[in-house]
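Student: What follows is a structure written as structure tokens; I'll ask about it next.
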Amino acid sequence: MTAAKTGLKLNKRQTQIVDMVQQQGFAAVEELAQGFDVTPQTIRRDINELCTHGHVRRFHGGVGIASSVENVAYDARRVLLLEEKQRIGREVARHIPNQASVFIDIGTTTEEVARALLDHEGLRVITNDLNIATILSGNPTCEVIIAGGVVRSRDRGITGEATIDFIRQFKVDFGIISVSAIDSDGALLDFDYHEVRVAQAIIENSRKVFLAADHSKFGRNAVVRLGHLSQIHALFSDQQPSEEIVGTLAEHNVTLHVAEPKA
């Protein structure tokens, strides 16, 4: 494999790294170092070159697909930045009171929110994610309502016109959504047009909207516009965003919650 468009000719190891990322969606630095029997520093140099020329995208602890039209595979996203997503999930849950009504959208981060809500009492949760419904069904005091629509085999999310119509029947206390990317101008972006339309319906029918997004979403590219930071009430992340994003949050009175690691 060569990179004629970017001027970079890949060596054998770099070619194999790109192939692994395309197949798996994500590869950890330590995994790559062990697999190729080289130091992590050598792998990081390879990753730097590949990122510079647009073949892959750097994430915390590893490397993933560089694309504005295709997301990292669901199974890879479930373990990508898992500890950070768990922190975000717990922080969101701290701001959801008992006896609340809640929309929870599709996503690996929102799954961690659902896990963090297992100790809450008397919630009424409406979701278009079968994974989230399964998680929260373990709480006997929680009423779980599943939206109708088409179930996607890749992640067990539910989308479609029937899903949107179903969500529009409700007006809930909190809508919890995630996104694939937050542009520096505050645009909320994603990869799936159908999924975006469901998230938009959740925003429209929630009294408060919480956005759960780890730091890898800041400045990332995605092709479908979901909305804007001005449409949410609070952003929950694991790191401080860029100055541009912080400025946009302040301009629109959006509260920022950063879930710090435990000391």
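What follows is calculated from the coordinates using simple rules that are stated; it is not laboratory data. All of these numbers come straight from a predicted model, not from anything done at the bench. When we count neighbours, we look across all protein chains shown, and the Cβ atoms used for this are built from the backbone with ideal geometry, even at glycine.
Student: Find, to one decimal place in angstroms, the Kirkwood hydrodynamic radius of the chain, where the mean of 1/r is taken over every pair of different Cα atoms and then inverted.
Tutor: For the chain, the Kirkwood estimate is 19.2 Å.
Student: Still on this structure, please answer the following. Quick check on the exposure proxy: order Ser206, Ser230 from fewest to most C-beta atoms within 10 angstrom.
Tutor: Details: Ser206 23, Ser230 13.
Fewest-to-most Cβ neighbours within 10 Å comes out as Ser230, Ser206.
Student: Share of antiparallel DSSP beta bridges in segment 81-258, in percent to the nearest 5?
Tutor: 25
Student: Right, next: Once you list every other residue whose beta carbon is under 12 Å from the beta carbon of Val125, what net charge do they have if Lys and Arg are +1 and Asp and Glu are -1?
Tutor: In short, -3.
Student: Further question: Using r as the Cβ-Cβ distance of Arg168 and Val246, and R0 as 30 Å, what FRET efficiency do you calculate, to the nearest 0.05?
Tutor: 0.35
Student: Rounded to the nearest 20 Debye, what is the dipole magnitude of the chain about its Cα centre when Lys and Arg each give +1 and Asp and Glu each give -1 at the C-beta?
Tutor: Dipole of the chain, to the nearest 20 debye: 340 debye.
Student: OK, next. Principal axis lengths of segment 98-178 from Cα atoms, whole Å, largest first?
Tutor: The principal-axis extents, from largest down, are 31, 26, 21 Å.
Student: Okay, helix-only estimate at 222 nm for the chain: each DSSP H run of n ≥ 4 adds -39500 (n - 2.57), divide by all residues, round to 500 deg cm²/dmol; what do you get?
Tutor: Value at 222 nm, helices only: -10500 deg cm²/dmol.
Student: Still on this structure, I have one more. Please state, as a whole number in µm²/s, the translational diffusion coefficient that the Stokes-Einstein equation yields for segment 74-216 at 4 °C and 1.567 mPa s, with Rh defined as the Kirkwood radius across alpha carbon pairs.
Tutor: 87
Student: A follow-up question, please. Quick one: how many lysine pairs does the chain have with C-alpha atoms less than 24 Å apart and a gap of 8 or more or different chains? Give me the count, please.
Tutor: For the chain, the number of qualifying lysine pairs is 6.
Student: Which whole-number percent gives the relative contact order of the chain, counting Cα pairs below 8 Å spaced six or more residues apart?
Tutor: 15
Student: Would you work out which of Gly149, Leu117, Val246 lies farthest towards the positive end of the dipole of the chain, given +1 charges on the beta-carbon of Lys and Arg and -1 on that of Asp and Glu, about the Cα centre?
Tutor: Gly149
Student: While we're here: Between Arg90 and Lys208, how many nm apart are label points set 7 Å from Cα along the C-beta direction?
Tutor: 2.0
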